[in-house]
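The values are calculated or read from the model by the stated rules, or taken from the named source; none is laboratory data. Everything quoted here is computed from the prediction, not taken from an experiment. Positions of Cβ are backbone-derived with ideal geometry, glycine not excepted, and every protein chain shown enters the neighbour counts. Please note that ligands, DNA and RNA were not included when accessible areas were found on the heavy atoms of the full protein model with its side chains. Shrake-Rupley method; radii C 1.70, N 1.55, O 1.52, S 1.80 Å.
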Amino acid sequence: MQPSVQRVRRAAEALAAVKLGRDASTVIRWLAAKWAGASIDGEPVELTTTTAVQFCDAFFAVPGSEPYRWYDPFQSAWNVRAPNGGWPIGTVWTQLNRPSEKLRSLLVLDPGRTAKGEKALFVEPRRSPEYLNTLQKVVPHKKRIPPLELAIWRYRFGVPSHVGNREDLLAALAEELHLSGQETELVFDELPLFLDDDPELGEVWPPEELAELLSAPKTPPPVAMPELEPPRDEPEAEEEDYRRLSAYATLPLESADVDALIGRVEAAVQARGLLMPDPSLMEQCVLALLTGHLVLQGPPGTGKTTLARALAEAFDCTSELQTATADWSTYDVIGGLQPGVGDGDQEVLRPWLGHVPRAALRCARTARAHEQDPADEPNQAHWLIIDEFSRAQIDKAIGGLYTVLGGSGEQTLELWFESDPGRKVVPFPRRFRIVATMNDVDASFVYDFSQGLSRRFQFVYVGVPHQNDIGSEVDAALAHAATWLAAEYPDQAGTRDDVALLEAWQANPDIQGSLGLLKEVIARVRYPAAGATGGGWPLGTAQVADVLRRLVLRVNSSGDLMPVLDSALADRIVPQMSGAKPVVLQGLIEWLHAEHSVELARTIRAAEHLRDTSATA
């Protein structure tokens, strides 16, 4: 016996109507842990790739839906079948191995191996109250999951033999997920979403019917749904009066707990696989952002933009990224009049907000939504990240923002191009921050800052990892390469997910030999020995990752990986040193000739060509 196919489809629609949004991934990982046997008072349970496959089959598989296999009811999304399982198996396993901050607050995840030697995570919920508090944040009151709908979806292809009514069905789900009374109360709604709440058990039907129904255009559920509010962060709603946001512009950042914020930044950085060169770097960034705007400066490829996003996340802020160019003017930064077509095809000039006031308004809207309903809007603010800050003539383009960025307390920006009194003045929230990144190597392609502008930002240097950390840096870059290959080219990964790929590469002597030589080259480029010709060059981790992507693409088809490494170094690393002095290049060339003249012949030729070109220039 099983629920009717139409009832299963309505269950999928009900789960999508909960609108878990970005918390859906956390809920799925939590369900996987609960399905594997994790309970509040129990011992740690083993969660392996085999367990992940079984869980995904139970909660997401829909046969007869080629070229798809998986359907996520929380997102109303099909996912293409992949040789390595693709989503959700690889994703579930990977994100449990590299958990987000919320997931770490929910679960203790300790890597290890089963009795048979299979790689596993040993999972258990964290102790209360942290576990229950986080669970309540992940599934707030307005987004509780209707339990009957989840049960019908879970048992879409057949219910347990002892189930005969709705109560039995709910009890079967609670038992399978090892749910306690507190967990059930926090996560699941008491009332079913649909009026006809009977399971509608019937005869077995072909699974292909569900695939067809889920792929068909959806019809509204047979109950009246509440009216949805218009998006709170609509960029420029015509009727909006900016003055209504002024009250929320005075709100300060919610927390100035430096130690707690540093811990959150470290967690966000680790989740992204970044390796910071200085443990005090996170503290510098936190202190800078608590007092004003921030510029992250350093060589290319050191993770400045990724760090900027991690900082916003750690402060519970959304962020948007804009890339500065040499063409930026006050029009791009503040705004102006934009040509358009009005009634009767007449040309008109309409106000257009630049990047900074538009982000500031979005920040105020986010603060308003957060104050009105923190459960619905967990973020306290919105920040602007400006990449390649020094490629624009910021002193010239920033215009009237000089006063706004340099002041304290309530700040506003008057828009000369606005005639509507309600939109004439933009309030700048106290929670608003600009986090800029700046490349301090390519001096020929950037502009200098005036002392006045520099005073309006705090500058933190983000350099390359220390020499003793090169091994950890390469290991992290290899893990990123595994994730990238499994996601981007699953046919190259075969049946393995990124974790299995990484394990195989770590046991591959050809790869390990190439990695050893790569570490030598990195160390020599950055940190030449005392007395060596020339100096060092700050080679970024991103360039190292580029080399490893080239390398892993050839693992299956090339026995000797040294020529691949040589080619990657010549094509990806040497060109990055175009700003180095000829004496620095000469020092590297002498070392390559002395130590690796055979295996890195192409790298030597590329370096010699760059040296000669630089000398001529």
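The C-beta contact set for region 332-347 (first residue outside any strand (DSSP E or B), second residue open to solvent by 70 Å² or more (accessible area, probe 1.4 Å), distance under 9 angstrom, 6+ apart or interchain) comprises Ile334/Trp416; Gly342/Arg350. Against the condition under 33 Å from the mean Cα position of the chain (by Cα), surrounded by 17 or more Cβ atoms within 10 Å (Cβ to Cβ) and among the small types (Gly, Ala, Ser), how does Ala310 come out, does it pass? Taking the combined requirement at face value, the residue satisfies it.
Can you confirm whether region 460-475 contains a residue that is touching a Lys or Arg at 6+ places or on another chain (Cβ under 9 Å), touching a residue at least 24 places away in the same chain (Cβ under 8 Å) and open to solvent by 30 Å² or more (accessible area, probe 1.4 Å)? There is at least one residue in region 460-475 that is touching a Lys or Arg at 6+ places or on another chain (Cβ under 9 Å), touching a residue at least 24 places away in the same chain (Cβ under 8 Å) and open to solvent by 30 Å² or more (accessible area, probe 1.4 Å). Taken over region 163-185, the criterion of being open to solvent by 30 Å² or more (accessible area, probe 1.4 Å) and in contact (Cβ under 8 Å) with a residue 40 or more places away in the chain is satisfied by Glu176, His178, Leu179, Ser180, Gln182. Of the helices (runs of 4 or more DSSP H) lying entirely inside region 399-498, those containing at least 1 residues that are closer than 30 Å to Arg368 by Cα and in contact with a Phe, Trp or Tyr (Cβ under 7 Å, 6 or more places away or on another chain) span 401-406.
Taking the criterion of being open to solvent by 40 Å² or more (accessible area, probe 1.4 Å) and charged (D, E, K, R), would at least one residue in region 293-307 satisfy it? Looking through region 293-307, none of the residues is open to solvent by 40 Å² or more (accessible area, probe 1.4 Å) and charged (D, E, K, R).
Considering only region 353-376, I want to know if a residue exists there that is surrounded by fewer than 23 Cβ atoms within 10 Å (Cβ to Cβ), out of contact with any Phe, Trp or Tyr (no Cβ under 7 Å at 6 or more places or on another chain), polar (S, T, N, Q) and not in a helix (DSSP H, G or I). No: zero hits. Answer yes or no as to whether Pro538 is open to solvent by 20 Å² or more (accessible area, probe 1.4 Å), in a loop (DSSP other than H, G, I, E, B), modelled with pLDDT of 85 or more and on the phi < 0 side of the Ramachandran plot. Judged against the criteria, Pro538 is a match.
Looking only at residues that are open to solvent by less than 10 Å² (accessible area, probe 1.4 Å) and either at pLDDT below 90 or not assigned by the TED database to the domain that holds Val258 (or both) in region 268-292, which one is farthest from Ala381 (Cα to Cα)? I'd like the intermediate steps shown before the answer.
The initial filter retains those residues of region 268-292 that are open to solvent by less than 10 Å² (accessible area, probe 1.4 Å), namely 268-269, 281, 285-286, 288-289.
Those still in the list that are either at pLDDT below 90 or not assigned by the TED database to the domain that holds Val258 (or both) too: 268-269.
Details: Ala268: 17, Val269: 20 Å.
Filtering first and then ranking leaves Val269.
One residue is enough: does region 388-396 have a residue meeting the conditions exposed (fewer than 15 other Cβ atoms within 10 Å of the Cβ) and within 23 Å of Ser450 (Cβ to Cβ)? Yes, some residue in region 388-396 is exposed (fewer than 15 other Cβ atoms within 10 Å of the Cβ) and within 23 Å of Ser450 (Cβ to Cβ). For region 518-535, residues that are open to solvent by 70 Å² or more (accessible area, probe 1.4 Å) and assigned to a helix (DSSP H, G or I) total 1. A residue that is open to solvent by 40 Å² or more (accessible area, probe 1.4 Å), assigned by the TED database to the domain that holds Arg126 and modelled with pLDDT of 85 or more can be found somewhere in region 151-162.
Please indicate, with yes or no, whether at least one residue in region 429-437 is outside the structural domain of Ala570 (by the TED database), among the charged types (D, E, K, R) and open to solvent by 50 Å² or more (accessible area, probe 1.4 Å).
First, pick out the residues of region 429-437 that are outside the structural domain of Ala570 (by the TED database): 429-437.
Then keep just the ones that are among the charged types (D, E, K, R); that gives 430-431, 433.
Now narrow it down to the ones that are open to solvent by 50 Å² or more (accessible area, probe 1.4 Å): 430.
Scanning region 429-437, I find at least one residue that is outside the structural domain of Ala570 (by the TED database), among the charged types (D, E, K, R) and open to solvent by 50 Å² or more (accessible area, probe 1.4 Å), so the answer is yes.
Among the residues of region 25-34, are any modelled with pLDDT under 75 and either of a type outside the set (Phe, Trp, Tyr) or touching a Cys at 6+ places or on another chain (Cβ under 8 Å) (or both)?
no
Do we find a residue being in contact with a Pro (Cβ under 6 Å, 6 or more places away or on another chain), in a helix (DSSP H, G or I) and surrounded by 15 or more Cβ atoms within 10 Å (Cβ to Cβ) anywhere in region 247-254? Yes, the conditions are met somewhere in region 247-254. Scanning region 244-252 turns up no residue that is over 24 Å from Leu20 (Cβ atoms), touching a helix residue (DSSP H, G or I) at 6+ places or on another chain (Cβ under 6 Å) and modelled with pLDDT under 70. Here Gln576 meets the list (1) touching a residue at least 60 places away in the same chain (Cβ under 8 Å); (2) out of contact with any Leu (no Cβ under 7 Å at 6 or more places or on another chain); (3) not hydrophobic (A, V, I, L, M, F, W, C) almost entirely, failing just condition (2). Checked against (1) of a type outside the set (A, V, I, L, M, F, W, C); (2) at pLDDT below 90; (3) in contact with a helix residue (DSSP H, G or I) (Cβ under 8 Å, 6 or more places away or on another chain), Gly513 passes all but a single condition, namely (2).
Is it true that Leu401 is open to solvent by less than 20 Å² (accessible area, probe 1.4 Å), under 22 Å from Arg243 (Cα atoms) and over 32 Å from the mean Cα position of the chain (by Cα)? Full working, then the answer.
On the way: open to solvent by less than 20 Å² (accessible area, probe 1.4 Å): yes; under 22 Å from Arg243 (Cα atoms): yes; over 32 Å from the mean Cα position of the chain (by Cα): no.
The answer is no for Leu401.
For region 313-330, a residue qualifies if it is open to solvent by 40 Å² or more (accessible area, probe 1.4 Å) and among the charged types (D, E, K, R), and the qualifying residues are Glu313, Asp316, Asp327.
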